[in-house]
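Take a look at the structure set out below.
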Amino acid sequence: MSDTTPHGAVITEDDIAALDTQSVLDEPLEATDPINQWFLRVGSWFACALTIVMILLVTVAVAMRYIFNSSIDLASEAPSYLLPWLIAAGAVVAQAQMAHVGVNFFLEKFQGKAYQRIATGIWVFVAVLMAYMTYLGIYMAGPMSQQETPIMGWPQLGSFAAFIVMTTCLCIQSIVRAWYFHKDGAIRSIEVTYDQAAAENIKEAHDA
């Protein structure tokens, strides 16, 4: 089979992997400090417990509906009532692991102390934003307390409170992470940019 690539170069899987820039700034999926470690542990257990309860309730609801042509009010409404709490637990876990979606195009341009300061500033901004979201949630608690669920008559505030708890936890987690970034430095500094890393890897492969 003839070689049709220019200059006899062959693009390998290593070349393709070098162009995958997402991993350059991916942080490890583990807590970065003791406080976030605690949030990670509690949030994980809470999310697991809620998932099990919701699966059981949905299973009971489906079985009652399609086998016995009946329903149980608790099984019909509780899953949707608990869903915001499951989302909140997932958000807390993701924050503890630094697994949220991030836009790193700007951050990747910095190294060393500059990277540390910018990263610290970003976490301070996130903390302020989450504090403001908590304030808005508390502001909405009054109107929500006057509403009830249509089946069980539960107060909607019990479900909406998940939002307030979530933003409060995210605010605390962000403050702690900003402090650790300021005190101990960023988790790691970026030595090379995406384009530099990809170009060097491809050049080495072609030279070989």
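From the list Thr32, Thr51, the one residue that fits, being out of contact with any Gly (no Cβ under 7 Å at 6 or more places or on another chain) and at pLDDT below 90, is Thr32. In the set Ala88, Ala78, only one residue is out of contact with any strand residue (DSSP E or B) (no Cβ under 8 Å at 6 or more places or on another chain), among the small types (Gly, Ala, Ser) and under 20 Å from Ser174 (Cα atoms); that residue is Ala88.
The set of residues from the stretch 123-167 being free of Cβ contacts under 8 Å to residues at least 40 places away in the same chain and surrounded by 18 or more Cβ atoms within 10 Å (Cβ to Cβ) comprises Thr134, Gly137, Ala161, Ile164, Thr167.
Among the residues of the stretch 54-109, those identified as surrounded by 18 or more Cβ atoms within 10 Å (Cβ to Cβ) and not in a helix (DSSP H, G or I) are Gln97, Met98.
For Ile190, the criteria (1) modelled with pLDDT of 70 or more; (2) under 23 Å from the mean Cα position of the chain (by Cα); (3) of a type in the set (Val, Ile, Thr) hold in every case but one, which is (1). Residues in the stretch 31-46 that are of a type outside the set (A, V, I, L, M, F, W, C) and surrounded by fewer than 16 Cβ atoms within 10 Å (Cβ to Cβ): Pro34, Gln37, Arg41.
The values are calculated or read from the model by the stated rules, or taken from the named source; none is laboratory data. Keep in mind it's a predicted model, so treat the numbers as computed, not measured. We place every Cβ from the backbone using ideal geometry, glycine too, and count neighbours over all the protein chains shown.
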